[in-house]
Amino acid sequence: MRSSLLRVLHVLNELKPSGAETMLKAAAPHFRARGIECHILGTGIQKGCYAAELENAGYRIHHLSFGRSALFFLKLFMFLRREQFDLVHFHAEGANFWSVLTALVVGQHRLIRTVHSNFRFDGYLRQRRAAQRRLLSWLGVRYVSISQSVADNERRRYGIGTTLISNWYDSGHFRPPSDSERVAARRHFGFDDNDLVMVTVGNCSRIKNHCDAFEAVKLIPQELRPKYLHVGGEEPGHPERELATKLGVSGNVQFVGAQKDVRGALWASDVYVMPSLYEGFGIAALEAISVGLPAILYDSPGLRDLQESFPDLTLAMSPGELADALLALAKNTRQRRKEIADKNYELARSRFGVDAGVERYWKLYQEVV
């Protein structure tokens, strides 16, 4: 017998602990409370290391290994026809046009496509993506942007209007630490009470622009340099370690790799730094702000959007500006930092908490269905 629940399929790439996946994990009980039975289709070559986490959260996980051939889309066609979901929600950018067309051919017309980044395609690729987006929009696909920067980019670069639904973070998990929790976290990473610790969270892609963080540390006088807690998977060959050595700051940097839960690293730190060239929406920045960290973000698309909600954020755009901001924060009293932290935690929870984001999607799902 067919379930009376609203059956929704989320289509993603390989399932990793990145933005969309962590959002969906946090949202699982909220979706269930609204009568939604959630499924996830991973289309990576591998199912992905985060599949078990999502399954434990309550999602039914499916997997079709993507390939640039008709066979993949035939398998997708058969899968969608067999399952007959009430709504299909596409998140991945790669091959999304042909995947959405396949769903339309099946007869699935309740479709949502969330754009998760500021995709800066140019030349012929930009023209092609613009034509594809406009056609799918004309066919009834509802496009969603995760930030104002993404909405502006989609309108300016591809000529489509989108519904704005901001990303959320796991507001039940990310919170300021107690004094004992902070002491334990700092002890775990080997920091003294008087150390000024800056942290970045993210992979080492060119877009994350960690090189500017290393340059900023070098610009600070040696006796005032912060400890740099580097959280995230590194590129093959460890080029960022080589850069830290070349700049003479390797003694200040602790590479800890990807962490299953980054909250402990955030609790151990004093300031969060995100020098990305662009983001879709800085979920990692939200997590840091919500645990009470002062944040220095680059004045770039997807990050500058946050200053409207958190006026105490510091925006920078060069290693020199980043170094100056770090020195200014070091001089700030702990009491002042705590006041900002408490205020930002409440703002983050009320504006970008998981329940607020799920409620906006629930309303959109009702419209589409």
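From largest to smallest, what semi-axes in whole angstrom does region 179-351 give when each is the square root of 5 times an eigenvalue of its alpha carbon gyration tensor?
Each semi-axis is √(5λ); the values are 22, 19, 16 Å.
Count the lysine pairs in the chain whose Cα atoms sit under 25 Å apart, keeping only pairs 8 or more residues apart in sequence or on different chains.
Within the chain, the lysine pair count is 24.
Output the peptides 244-251, 299-306 sorted from most to least packed, where packing is the average of other Cβ atoms within 10 Å over each peptide's residues.
Taking the mean over residues of other Cβ atoms within 10 Å, the ranking is 299-306, 244-251.
In terms of modelled amide H atoms, which long-range or inter-chain residues lie less than 5 Å from the amide H of Leu196?
Close amide H contacts, sequence-distant or interchain: Lys227.
Give me the number: length gained by fully extending Leu125 to Lys260, i.e. 0.36 nm times residue separation minus the C-alpha to C-alpha distance, one decimal in nm.
Gain in length upon complete extension: 45.0 nm.
Under the definition of Cα pairs under 8 Å and six or more residues apart, what whole-number percent is the relative contact order of the chain?
It comes to 16 percent, rounded to a whole number.
Given Cβ point charges of +1 (Lys, Arg) and -1 (Asp, Glu) and nothing else, what value in debye, to the nearest 20, does the dipole of the chain about its Cα centre take?
Its charge dipole is roughly 1360 debye.
Report the calculated FRET efficiency for Glu55 and Lys363 (r = Cβ-Cβ distance, R0 = 22 Å), to the nearest 0.05.
Efficiency, from the Cβ-Cβ distance: 0.20.
Three principal axis extents, largest first, for the C-alpha atoms of the chain, in Å?
66, 45, 35
For the chain, take the longest principal axis of its alpha carbons; what is the angle in degrees between that and the long axis of helix 70-83, to the nearest 10 within 0 to 90?
Approximately 80 degrees, to the nearest ten.
Just want the answer: with Cβ charges of +1 for Lys and Arg and -1 for Asp and Glu, which residue in Pro275, Gly251, Ile296 is farthest toward the dipole's positive end in region 179-351?
Gly251
Here, each number is a calculation from the coordinates, and none is a lab measurement. Please read these numbers as outputs of a predicted model, since none were measured by experiment. Because the Cβ atoms are built from the backbone with ideal geometry, glycine has one as well, and the counts that use them run over all protein chains shown.
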